[in-house]
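The structure under discussion appears below in the form of structure tokens.
The values are calculated or read from the model by the stated rules, or taken from the named source; none is laboratory data. Not measured: the values here are computed from a predicted model. FYI the Cβ positions are ideal-geometry reconstructions off the backbone, even for glycines, and counts take in every protein chain you see.
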Amino acid sequence: MTAASATETVEAVFRIESARIIAGVARIVRDVGIAEELAQDALVAALEQWPEAGVPDRPGAWLMTTAKRRAIDLVRRKETYARKLAEVGRALEDVPPPDPAGFDDPDGIDDDLLRLIFTACHPVLSTEARIALTLRLLGGLTTQEIARAFLAPESTVAQRVVRAKRALAKAEVPFEVPHGADRDARLASVLEVIYLIFNEGYSATAGDDLVRPALCEDALRLARVLAGLMPKEPEVHGLVALLEFQASRIPARTGPDGAPVLLADQNRARWNRLFIRRGIEALRYAGDGPYSVQAAIAACHARTMRYEDTDWASIAVLYARLKALVPSPVVELNRAVAVAMSEGPEAGLVLVDALGDEPALKGYHLLPSVRGDLLERLGRPAEARAEFARAASLTRNAREREHLERRAARLRGDDESQ
């Protein structure tokens, strides 16, 4: 194996396993900031050793074991070692390598990951800091990607992450799954974090790939774990249902070349029917909160085998209900699409144009993209082409940009023929 290919392998494995490694190390050192540093140390060790020694059979287990050993060495060097040893027990003396089967079982419950997400969502942090830190630690996202998800400056997000780690360390937040009222209080933040992690995987804000399935898998897995932990919480089941429905579409969302495939053009035979059945089952236990309403919207699509048969009127009503629960220009943009499909593009364009001055949508590429689609349907190709070009200039995802540029180019001929 060449050094370049070994490096690529190391980076790919670390991207997938980083959250589990940080979580496993945090259980030992009780500090998520230090745990992330030790995980990075394991990454550096792999970059140094794998090009010469070769990639191990279980690369994720190798990284986990290396990071844990360094964590143990760090604890042993601390003056408070005796007290720490009493806290973590005799198991600290000899931490065995992780069971390889644990890295192959996507449905196995990883308690360390669950502890990590609840720790990162501790009330000592602001809501923004909780979400940013968890996306960083569990999602493995860069500060740039998190900033894109928040529509916030990258420097602001970077400061949030650093300050969040310091705040957790200063408050000596225990690395545990909380119980009772404390657990309930943190639930809303945990659900939001899982939702954002899934969204970054479902439609990557940057990079060369439209979809990053590993993030979707992690988010869906965490949501399922939460449903097992909190079976009487309707919104947990609502989130699970939503993610199951959305994940079912992933196989059909991109073509053989990685280009995005619009919902109207997707081969619904490729949708994962098992995920859809799981989503329908989870929806039975959902309530009337924001995630449950979004799940009901997704169910309208999941239950329809032909795009032409979609009940857009019901979807528009559900988006109106969602807007009442969580007022948002993005929700209103989605409602505009549903209204355009049920009442005609003119009605949808009126709603879209009303969003033109929304500060939160200034750099949001889907606003001009939706407007371009409606203008094209109304037979206004020159205006539509300009909107698609603007949308292409705003997106930082290469696949989306190429798709939007193709739509703009295709309209050039229509415009010139008029």
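So, in region 194-210, of the ones that are among the hydrophobic types (A, V, I, L, M, F, W, C) and either at pLDDT 85 or above or under 25 Å from residue 124 (Cα atoms) (or both), which residue ends up surrounded by the fewest Cβ atoms within 10 Å (Cβ to Cβ)?
Checking each candidate, the answer is 196.
For region 386-401, which positions are surrounded by 17 or more Cβ atoms within 10 Å (Cβ to Cβ) and under 23 Å from the mean Cα position of the chain (by Cα)?
Of everything in region 386-401, those that are surrounded by 17 or more Cβ atoms within 10 Å (Cβ to Cβ) and under 23 Å from the mean Cα position of the chain (by Cα) turn out to be 391, 392, 394, 395, 397, 399, 400.
Need the failing condition index for residue 347 against (1) in contact (Cβ under 8 Å) with a residue 60 or more places away in the chain; (2) in a helix (DSSP H, G or I), just the number.
Among (1) in contact (Cβ under 8 Å) with a residue 60 or more places away in the chain; (2) in a helix (DSSP H, G or I), the lone unmet condition for residue 347 is (1).
Would you point out the residue of region 309-344, among those that are out of contact with any helix residue (DSSP H, G or I) (no Cβ under 9 Å at 6 or more places or on another chain) and outside any loop (DSSP other than H, G, I, E, B), that is farthest from residue 355 (Cα to Cα)?
Checked region 309-344; the qualifying residue farthest from residue 355 (Cα to Cα) is 309.
Can you tell me how many residues within region 366-381 are assigned to a helix (DSSP H, G or I), of a type in the set (Lys, Arg) and more than 20 Å from residue 395 (Cα to Cα)?
1
Residue by residue, here is whether (1) acidic (Asp, Glu); (2) surrounded by 18 or more Cβ atoms within 10 Å (Cβ to Cβ); (3) touching a His at 6+ places or on another chain (Cβ under 9 Å) holds:
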site	(1), (2), (3)
359	no, no, no
363	no, no, no
371	no, yes, no
405	yes, no, no
411	no, yes, no
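Restricting region 382-399 to residues that are of a type outside the set (A, V, I, L, M) and modelled with pLDDT under 90, which is farthest from residue 258 (Cα to Cα)?
Within region 382-399, the match that is farthest from residue 258 (Cα to Cα) is 396.
Given 178, 234, 256, which one is more than 13 Å from the chain's Cα centre (by Cα) and over 26 Å from residue 115 (Cα atoms)?
256
Looking at region 258-272, can you tell me whether even one residue there is of a type outside the set (Lys, Arg) and buried (at least 20 other Cβ atoms within 10 Å of the Cβ)?
For region 258-272, residues of a type outside the set (Lys, Arg) and buried (at least 20 other Cβ atoms within 10 Å of the Cβ): present.
Quick grid of which residues meet (1) touching a residue at least 60 places away in the same chain (Cβ under 8 Å); (2) loosely packed, with under 15 Cβ neighbours inside 10 Å; (3) not assigned by TED's automatic domain parsing to the domain that holds residue 351:
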| position | (1), (2), (3) |
| --- | --- |
| 280 | no, no, yes |
| 285 | no, no, yes |
| 293 | no, no, yes |
| 296 | no, no, yes |
| 305 | no, yes, yes |
| 322 | no, no, no |
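Please go through region 15-29 and give me each residue that is over 25 Å from the mean Cα position of the chain (by Cα) and within 19 Å of residue 161 (Cα to Cα), ordered by number.
Scanning region 15-29 gives a single hit, 29.
Which of the following residues is of a type in the set (A, V, I, L, M), within 29 Å of residue 60 (Cα to Cα), modelled with pLDDT under 85 and under 18 Å from the mean Cα position of the chain (by Cα): 113, 137, 191, 92?
Just a single option satisfies the conditions, and that option is 113.
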